[in-house]
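Down below is the structure, laid out as structure tokens.
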Amino acid sequence: MQDLTYTAEIAALTAPLYGKVKHVVPEIEWPVFAPAIVAINRLKREKHAVILAHNYMTPEIFHCVADFVGDSLQLAREAAKTDAKIIVQAGVHFMAETAKILSPDKTVLIPDVKAGCSLAASITGADVRLLRQKYPGLPVITYVNTSAEVKAESDICCTSSNAVDVVEAIAAERGVDTVIMIPDEFLAQNVAKQTHIRIITWKGHCEVHERFTAADIRAYREANPGVVVLAHPECPPEVVAEADFAGSTSGMISYVGTKRPKRVVLVTECSMSDNVAVEYPDVQFVRPCNLCPHMKRITLAKILHSLETMTTEVTVDPFIAARARSAVEAMLKVKPNTSRLQRAAA
Ligand code: SF4
């Protein structure tokens, strides 16, 4: 057990980190966080471990202990590249499974095994097999927010940042004009508006993004004249239609970084605004948001416990992992359509 007393030495050691996050972490909370941050960073070095943190992690995790941060796609790529022996996934279970699928020889830990996801819970491998029977010959594109078992039944994976490219790439490769894209109904509907490929989807929703409404967006604009609205494509299409830009969490971050709007609202999970605000203090963030209860299960205390006890190790059946890996690797090979990216950024 680590000594988690807040001493003058800990305060001095963590002063630069606190300087970074002081606008989003109350001073009163720092004595609780700082000893755990020091202990986690020391254990990482001793055990040759890295922490992958999703953009929805709280700022003391995202900015103070993470080695790699990003959206699902960025974290999947880092998981594949790192030479660390141990990966701690500060995110939800499907992300830890994806890390394990791509790095079968590494130990992948999740600090809270109950950190699930409403999208991942919405569909099973058996559901995918039934869809294939109903629509024979159509390729199955699976959002990365799914279990390894569901990925294993798929032809290719996608994330919210590459979904349009993946739909068009697999349709061209298979010579079809229709694809199955599961399980996020809203993501599929938003993607369908950007391509001529027909998309059959599923009834899964993200419990965070499905709660935003078009009326919410209009209310944000009315209360904050001139605010720029960025929405995640897991939101319902009528929400995306009201936004100035729709993109993955990494797409939103790059929009804020390149455009530097004076005032912005990120229509997504609450921690995003805090994490981006640390990097761009000149941008004013309007902060209506919805919390993801699954992401918020991951805390500094649980990350420390995870590293101390090497729990909970995430395992994936090797047969399922091999099939899921081929779907994830197929996605990683899809080249981004740069002309579309330039149009989106314009
Ligand atoms: S924000 Fe939505 S998609 Fe992401 S983990 Fe939470 S429930 Fe799942």
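What follows draws every value from the coordinates through simple rules; no lab data is involved. No experiment lies behind these values; they were computed from the predicted model shown. A quick note on method: Cβ atoms are made from the backbone with ideal geometry, for glycine too, and the neighbour counts reach across all protein chains shown.
A few comments on the model shown:
- Each of 93, 23, 137 was scored by the projection of its Cα onto the charge dipole of the range 1-156, and the greatest displacement toward the positive side belongs to 137; charges sit on the C-beta of Lys, Arg, Asp and Glu.
- Modelled this way, with points 7 Å down the Cα-to-C-beta line, the labels at residue 263 and residue 311 are 4.9 nm from one another.
- Our summary gives the range 79-134 a relative contact order of 33 percent, counting only alpha carbon pairs under 8 angstrom and 6 or more residues apart.
- Under the criterion of Cα pairs below 8 Å and six or more residues apart, the relative contact order for the range 1-67 equals 36 percent.
- Global geometry of the range 279-332, whether rounded, prolate or oblate, following the gyration tensor of its Cα atoms and the 1.5 cut on a/c: oblate
- Estimated FRET transfer efficiency (residue 280, residue 45; beta-carbon r; R0 22 Å; 0.05): 0.15
- Distance between the pseudo-spin-label points of residue 5 and residue 224 (7 Å out from Cα toward the beta carbon): 4.4 nm.
- In the chain, Cα pairs under 8 Å separated by at least six residues give a relative contact order of 20 percent.
- Using a Förster distance of 35 Å, the FRET efficiency for residue 176-residue 77 (Cβ separation, nearest 0.05): 0.80
- Our coupling estimate for the range 177-189, obtained by passing each phi through the Karplus curve with A = 6.51, B = -1.76, C = 1.60 and θ = phi - 60°, is 10, 9, 10, 9, 10, 10, x, 8, 4, 6, 4, 4, 5 Hz, Gly and Pro reported as x.
- Rounded to the nearest 20 debye, the dipole size of the range 32-138 about its Cα centre is 280 debye, using +1 on the Cβ of Lys and Arg and -1 on the Cβ of Asp and Glu.
- Ordering 89-100, 35-46 by mean Cβ neighbour count within 10 Å, with the highest value first, yields 89-100, 35-46.
- Summed side-chain charge close to residue 184 - residues other than residue 184 whose Cβ falls under 10 Å, Lys, Arg +1, Asp, Glu -1: -2
- Annotation: peptides 138-147, 198-207, 285-294, ranked by per-residue average of other Cβ atoms within 10 Å with the highest first, follow the order 138-147, 198-207, 285-294.
- The sum of -39500 (n - 2.57) across all DSSP H runs of n ≥ 4, divided by the residue count of the chain, sets its helix-only mean residue ellipticity at 222 nm to -14000 deg cm²/dmol.
- Calculated FRET efficiency for the pair residue 254/residue 332, C-beta based, R₀ 25 Å, to 0.05: 0.80
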